[in-house]
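Report on the following structure.
The values are calculated or read from the model by the stated rules, or taken from the named source; none is laboratory data. In this text, all values refer to a predicted model and were calculated from it rather than measured experimentally. Cβ placement follows ideal geometry from the backbone for every residue including glycine, while neighbour counts extend to all protein chains displayed.
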Amino acid sequence: MLWLLSFVIIEMKQLPLSNHRQLVLSFLLQHGVVNKSKIGSVITSPPILSRVLESMESDGLLTIKESKIGRKTYKVELTDKGRAVAEQLKKAEDISAGRKVSKFLTDDMKILVYLLNEKETRYESVKERFSGAYGSVSRLKQMKLVGARVDNGKDPSEEIISLTETGMKVAEYLKRIEELLEE
């Protein structure tokens, strides 16, 4: 648990997370893709809302897409990076509120076991299978349990991920634990 908190703190130091940004991240995590005007329920000043959303978009936390059908509207959606940061904030809130934290690393563990069976796979495949893949794969890379390479033979190029030697050992233990629990 201490490792998770330090990871959240590291991420927060790398990204400026004002109260406004935290409100937007929380709102989008809860509601998914929304019209920009809906976010006005948490940030009521239009100039501040526009400034916050633009800076979050430039930091890669969300995308803003203009709808050109009918009246001009803007759809706002979290990117993988934004979702990972929003999930970390939610976990930090859960920890501070004293809620259980036991399931936080479930996706990390599942991805390790999945890679044990698949050997190496496209990052996009992992993303399709696991909703928290961005955060999980980032953590697993930091822990040197997963490695990545770019396959330039495809257009566009693809990121291929696989277990490191240590990752393989950890995944084997996790698989054994999973098998014991199924008995």
Is there a residue being aromatic (Phe, Trp, Tyr), over 30 Å from residue 22 (Cα atoms) and either in a strand (DSSP E or B) or at pLDDT 75 or above (or both) anywhere in segment 96-114? yes
Residues of segment 149-179 being assigned to a loop (DSSP other than H, G, I, E, B) and surrounded by 14 or more Cβ atoms within 10 Å (Cβ to Cβ), which ones? 164
Tell me which residues, restricted to segment 114-154, are aliphatic (A, V, I, L, M), over 18 Å from the mean Cα position of the chain (by Cα) and within 15 Å of residue 170 (Cβ to Cβ). 115, 116
Taking segment 126-183, which residues are of a type in the set (Asp, Glu) and within 14 Å of residue 109 (Cα to Cα)? 172, 178, 179
